[in-house]
Amino acid sequence: MRRAQAVCSAALLALAPCSAGASQKPSEFSELSLEELGQINVSVASLLPASLLDAASTISSISREQWQRRGARRLLDALEFQPAVQVLPHIVGNQAIVMRAMVPGGAPGGVAMTWDDVPLTDLLRASTQHMSGLNLGALGQVQVIQGPGSALYGSDAFYGLVALRSPDSDGTRLSWIARSDGFGEAHVHDGRRLEGGTRLRLAVAANGQAGQSQQAPVGAADGTPVVRENRMRAKTASLRLASATDSAWSWFAGLYLHDYHIDDTHGVGTRASGGTDIGWSHTHFAMAQAGVRHDLGSAQSLELKGYYWRSGNDIGSILASTPAPVRRDLLSEQHRAGLQATWRNTAPSLRTEYALSAGIERVAVDKVRGDLRSLAGAFLRTVDNPAQGLGRTVRNMTLEANTRWDDGRWRLVYGGRMDHYSDFGSHGSPRLGLVFQPAPGSAFKLLYGQAFRAPSATELLGSPGSALPNPALKPEVIDTLELVGVRQDGRLLAQATLFASQSRDGVATQLVAPSRLVQFVNVDRNKSHGASFSLRYAAGRWQADLAGSWARGRNENMGRKFRTFPAAKLDAGLGWTFDDPSWQVFFNQRWQSKVDDVSAGAAFPPQGLPHYARTDLALVKRWTATMEGTVQLRNLTDRRNLFTSPSGARGGVPDSGITLAAGMQLLF
């Protein structure tokens with residue numbers, strides 16, 4: 001009840017700054033034609049202006065409308081219907097992203113995340129798990145790049161990139177939703193023009209989830225059932241200011257806040273917990289960024305921007321110990337700061353546009369320790385972590401160039417990035433692409449990229465009682481080749497990709513005898529290949545969304561296939577507008593092939609999980625141009641689906657059963 005009251009209070013507070021005097025409703029992403037969707041700037045894929053059609057990447061853009069009508073609650077839920085992408089429950093209630101069947105031997109990582117272009121990867125684990133609870137209600141769009149992106153984003157983007165975009169439209173939007181499983185969310189977006197043309201963008205969101213009482217497939221070591229409540233609450237806000245765009249000089253600034261708690265959820269896995277797999281996670285995050293740009297005419301510009309963020313995190317879990325299990329809180333404080341300058345220019349005689357960027361970043365683990373308590377809560381001791389005080393400075397330089405010929409039908413994209421790391425040296429990431437547009441609305445792309453992933457603090461320095469240090473650890477390296485086809489017009493937006501990747505010097509754990517501890521070493525060689533496609537089609541009253549993939553990955557050292565990633569995935573959606581156009585219905589079917597509960601080579605043999613299948617239904621009623629209501633049924637057939645668990649939760653992690661949700665959206 002308290003969390004429900006908190007969500008309602010957030011909605012009422014959010015109304016306070018809203019202006020009822022705004023004369024136009026915000027521009028709706030869903031009102032754009034499919035042809036216009038393909039032309040939306042996907043700047044995340046390039047230092048230069050790019051659209052879905054000519055970007056030298058496999059890229060998709062996910063709108064707020066798409067994830068809302070599929071009943072997404074948490075941030076990464078918005079990605080679950082992307083082809084060749086798997087969202088997995090990871091340690092202590094967090095989520096992890098795996099792309100294209102590349103399942104690493106260590107902890108899932110290598111997928112970068114940015115929030116309005118600021119990188120969110122930490123140093124302790126080289127991951128973004130501390131941000132998986134960020135409110136979807138505070139976002140306006142998510143863009144996804146599959147394939148290496150290190151040529152633009154450094155070692156963070158080893159397998160791909162998830163770019164979060166804050167809302168960017170004038171007017172006020174108020175929305176709230178409540179679900180039968182105790183989840184509720186409210187958010188407000190407010191966009192307006194201030195005196196002098198300055199644009200203000202405010203987004204505030206709060207959610208909460210009451211106890212769910214989900215029973216784990218595998219109980220405690222003594223045979224008693226493990227029931228998890230999965231209680232959750234999150235608050236996210238962003239405030240951004242940007243100058244008018246009709247001047248040679250422009251500037252922007254933003255402040256971002258996030259607070260996330262999840263309690264009584266899955267922990268660190270069945271083996272590490274001794275069977276009683278319970279965990280909790282608390283995150284506090286604050287970020288500021290600012291930048292200035294000077295347009296010099298003739299497509300020349302100079303941009304300077306900087307950012308700083310700080311994150312505090314508590315990852316708690318039950319651990320197996322002698323003589324009795326203990327409760328451990330791994331408490332950490334980290335920060336990241338960066339400064340980047342980018343010069344953009346054209347060489348008309350060479351039919352070339354180019355960008356040159358140089359920057360410096362500092363990422364550090366300020367504090368980290370483990371506090372141990374008895375199951376009754378009595379303090380036992382503190383375990384120091386060797387990563388405390390570790391810092392890393394990265395200097396980088398990036399070049400990207402596009403050369404066009406034959407009236408723009410052919411386009412060569414080339415360049416790369418050089419990074420120098422203060423703790424292990426330098427590494428380069430080349431990028432090369434050839435784009436052919438035989439006709440307006442069509443493109444074929446042949447792409448190559450190399451990426452690397454720098455070791456995390458935990459991989460380099462170890463973890464007390466579980467992992468030995470290895471200061472000689474080297475970066476992982478991956479080479480990827482892609483063939484992409486894109487087609488768009490007023491009714492159709494389609495993309496298909498063939499891909500093959502090979503990585504070397506992969507970081508994995510090996511048992512070190514006689515210590516009975518593990519050590520991270522560069523031993524893995526992994527391969528993956530497959531195909532993916534996505535299609536959106538609209539004609540008359542019908543709208544169809546179809547996405548699917550086939551992907552296989554394997555560890556070349558052991559000859560093992562990665563069976564925790566589904567070989568086949570399919571997501572099919574169908575929308576229909578009634579004779580009364582104010583009513584719409586949306587049907588979605590998600591399916592994926594069978595997977596194992598844990599990776600091969602774990603302390604216990606993997607067990608097969610049934611294929612995942614989920615049917616969702618949404619009914620939308622637009623009463624007026626400014627008011628819309630939605631009723632959703634998630635998992636309509638009440639199928640008992642299970643997720644594989646990279647953390648080692650034997651038997652998998654259960655998905656929620658059938659849930660009913662009702663929501664309302666108001667535009668001012």
| task | Kindly provide the set of residues from segment 470-483 that are touching a residue at least 40 places away in the same chain (Cβ under 8 Å) and outside any strand (DSSP E or B), ordered by number. | result | N470, L473, K474, P475
| field | Extreme residue, farthest from A221 (Cα to Cα), among residues of segment 610-630 that are buried (at least 20 other Cβ atoms within 10 Å of the Cβ) and of a type outside the set (D, E, K, R) | value | V620
| query | Can you name the residue in segment 651-667 that is assigned to a loop (DSSP other than H, G, I, E, B) and either touching a Lys or Arg at 6+ places or on another chain (Cβ under 8 Å) or at pLDDT 90 or above (or both) and is also nearest to G274 (Cα to Cα) among such residues? | reply | D655
| said: Whether any residue in segment 130-139 is more than 30 Å from Q589 (Cβ to Cβ) and either out of contact with any Gly (no Cβ under 7 Å at 6 or more places or on another chain) or surrounded by 24 or more Cβ atoms within 10 Å (Cβ to Cβ) (or both) is what I want to check. | reply: yes
| note | The condition from (1) in contact with a helix residue (DSSP H, G or I) (Cβ under 7 Å, 6 or more places away or on another chain); (2) within 25 Å of A50 (Cα to Cα) that R199 misses is numbered (1)
| query | Which one of these is without any contact (Cβ under 8 Å) to a residue 60 or more places away in the chain and under 20 Å from G182 (Cα atoms): R622, R640, R634? | reply | R640
| If T382 passes every condition in (1) of a type in the set (V, I, T); (2) touching a Ser or Thr at 6+ places or on another chain (Cβ under 7 Å); (3) surrounded by fewer than 14 Cβ atoms within 10 Å (Cβ to Cβ) but one, which one does it miss? | (2)
| task | Could you please give the count of residues in segment 380-430 that are of a type in the set (G, A, S) and closer than 25 Å to Q334 by Cβ? | result | 7
| Does S503 meet the test of being out of contact with any Leu (no Cβ under 8 Å at 6 or more places or on another chain) and assigned to a strand (DSSP E or B)? | yes
| Restricting attention to segment 67-87, does a residue exist that is closer than 30 Å to Q592 by Cβ, at pLDDT 60 or above, of a type in the set (G, A, S) and touching a Phe, Trp or Tyr at 6+ places or on another chain (Cβ under 7 Å)? | yes
| Verdict on L660 being in contact with a strand residue (DSSP E or B) (Cβ under 8 Å, 6 or more places away or on another chain), without any contact (Cβ under 8 Å) to a residue 40 or more places away in the chain, of a type in the set (A, V, I, L, M) and more than 30 Å from A531 (Cα to Cα) | no
| note | When restricted to G219, G312, G279, G267, the only residue touching an Asp or Glu at 6+ places or on another chain (Cβ under 6 Å), on the phi < 0 side of the Ramachandran plot and touching a residue at least 40 places away in the same chain (Cβ under 8 Å) is G267
| task | Give just the number: which of (1) of a type in the set (A, V, I, L, M); (2) under 25 Å from the mean Cα position of the chain (by Cα); (3) surrounded by fewer than 20 Cβ atoms within 10 Å (Cβ to Cβ) does V653 not satisfy? | result | (3)
| query | Out of segment 589-609, which residues are surrounded by 15 or more Cβ atoms within 10 Å (Cβ to Cβ) and of a type in the set (A, V, I, L, M, F, W, C)? | reply | W591, V595, V598, A600, A602, L609
| Taking the stated definitions as given, is S169 in contact (Cβ under 8 Å) with a residue 24 or more places away in the chain, crowded, with 24+ Cβ neighbours inside 10 Å, assigned to a loop (DSSP other than H, G, I, E, B) and of a type outside the set (A, V, I, L, M)? | no
| request: May I ask you to say which residue of S63, S57, S51 is closer than 30 Å to W583 by Cα, of a type in the set (S, T, Y) and more than 13 Å from the chain's Cα centre (by Cα)? | output: S63
| field | Of all residues in segment 508-520 being out of contact with any Leu (no Cβ under 7 Å at 6 or more places or on another chain) and either outside any loop (DSSP other than H, G, I, E, B) or modelled with pLDDT of 95 or more (or both), the one that is surrounded by the most Cβ atoms within 10 Å (Cβ to Cβ) | value | A508
| Only one of (1) modelled with pLDDT under 95; (2) crowded, with 17+ Cβ neighbours inside 10 Å; (3) out of contact with any Asp or Glu (no Cβ under 8 Å at 6 or more places or on another chain) is not met by A237, so which one is it? | (1)
| message | Step by step: first the residues of segment 271-319, then only those that are of a type in the set (S, T, N, Q) and surrounded by fewer than 20 Cβ atoms within 10 Å (Cβ to Cβ), then the one that is farthest from the chain's Cα centre (by Cα). Which residue is that? | response | S298
| field | Odd one out for G377 among (1) at pLDDT 95 or above; (2) under 30 Å from T322 (Cβ atoms) | value | (1)
| remark: In segment 210-238, residues that are of a type in the set (V, I, T) and assigned to a loop (DSSP other than H, G, I, E, B) total 3
| message | So the check is Cβ under 8 Å with 6+ separation or different chains; which pairs have a first residue in segment 365-387 that's within 16 Å of S317 (Cβ to Cβ) and a second one that's of a type in the set (F, W, Y)? | response | D371/F379; L372/F379; R373/F379
| field | Hits in segment 211-234 (condition: surrounded by fewer than 19 Cβ atoms within 10 Å (Cβ to Cβ) and touching a helix residue (DSSP H, G or I) at 6+ places or on another chain (Cβ under 7 Å)) | value | V218
| said: Please determine whether any residue of segment 660-668 is surrounded by 14 or more Cβ atoms within 10 Å (Cβ to Cβ) and under 28 Å from I318 (Cβ atoms). | reply: no
| remark: Among strands (runs of 3 or more DSSP E) entirely inside segment 317-389, those with 3 or more residues being among the hydrophobic types (A, V, I, L, M, F, W, C) and more than 23 Å from L460 (Cβ to Cβ) are 326-347, 352-373
| task | Filter segment 239-279 down to residues that are closer than 19 Å to G223 by Cα, assigned to a strand (DSSP E or B) and small (G, A, S), then give me how many there are. | result | 1
| query | Which of the residues that make up segment 253-289 are modelled with pLDDT under 95 and acidic (D, E)? | reply | D263, D264, D277
| task | Answer with yes or no whether V486 is of a type in the set (A, V, I, L, M), assigned to a strand (DSSP E or B) and at pLDDT below 90. | result | no
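The values are calculated or read from the model by the stated rules, or taken from the named source; none is laboratory data. This structure is a prediction, so every number in the text was calculated from the model and none was measured. All Cβ positions, even for glycine, are placed from backbone atoms using ideal geometry, and neighbour counts span all protein chains on display.
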